[in-house]
Amino acid sequence: MRLDCDLKEPFIPTMVDFRGIERMIQPCRFKIDQICDIMVSYLRSVCKTSFFDSRKLKIQRNASKKVLLTKPVNLFYEQYVFMYYKQVLKFIQANIEKTSTLEKDLELLDEGPHAPKISFELKMVLVYRSEKKKIIRSQIHLIDHVLDVLKNIEPTLTQNPKDAE
């Protein structure tokens, strides 16, 4: 993730750096069934300006603008951050599935009687590529679950706005 992106309107294709050549980057390592703390902290930092400048709802304007990188403080801000997280994952997924989808890779790895013979090197490439795709899909599923939980909490907090801070 690039550290030198525009904070007023974070644009995902400029935030994600696949090359890792530049000095102003923060590597994020995704794992299956585990939220990346570095990614959440990064997004909490980067999305702050765009969230508080663009929100029009009274409940969000009155909410505290104090945001901590390691601890959730504002429910609506957390929803915003996790929606960005999901958009970043969707962008990464679109980029890694340009060549082939996970299903195509798994089909090539299938060692059934009608499967074509593939070299050891190609098999290792397919395993590596398919595992990356599985991790991204797992992350998207996890973030969907987090967003569901946050959405289910929202009605109780909109009745009592002081709790949203």
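Collect the residues in the range 71-99 that are part of a helix (DSSP H, G or I) and of a type in the set (S, T, N, Q), keeping them in residue-number order.
Those that are part of a helix (DSSP H, G or I) and of a type in the set (S, T, N, Q): Gln79, Gln87, Gln93, Asn95.
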- [ ] Filter the range 77-100 down to residues that are among the hydrophobic types (A, V, I, L, M, F, W, C) and buried (at least 19 other Cβ atoms within 10 Å of the Cβ), then give me how many there are.
- [x] 5
Task: Members of the range 108-165 that are at pLDDT below 85, aliphatic (A, V, I, L, M) and surrounded by 14 or more Cβ atoms within 10 Å (Cβ to Cβ) - done: Leu157, Ala164
Open item on the list: I'd like the full set of residues that are closer than 12 Å to Ser45 by Cα and touching a residue at least 12 places away in the same chain (Cβ under 8 Å), limited to the range 66-79.
Closed with: Val67, Leu68, Leu69, Thr70, Tyr77, Glu78
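The values are calculated or read from the model by the stated rules, or taken from the named source; none is laboratory data. What you are looking at is a predicted structure, and each value in this text was computed from that prediction instead of being measured. No Cβ is skipped: glycine too gets one built from the backbone with ideal geometry, and neighbour counts run over all protein chains shown.
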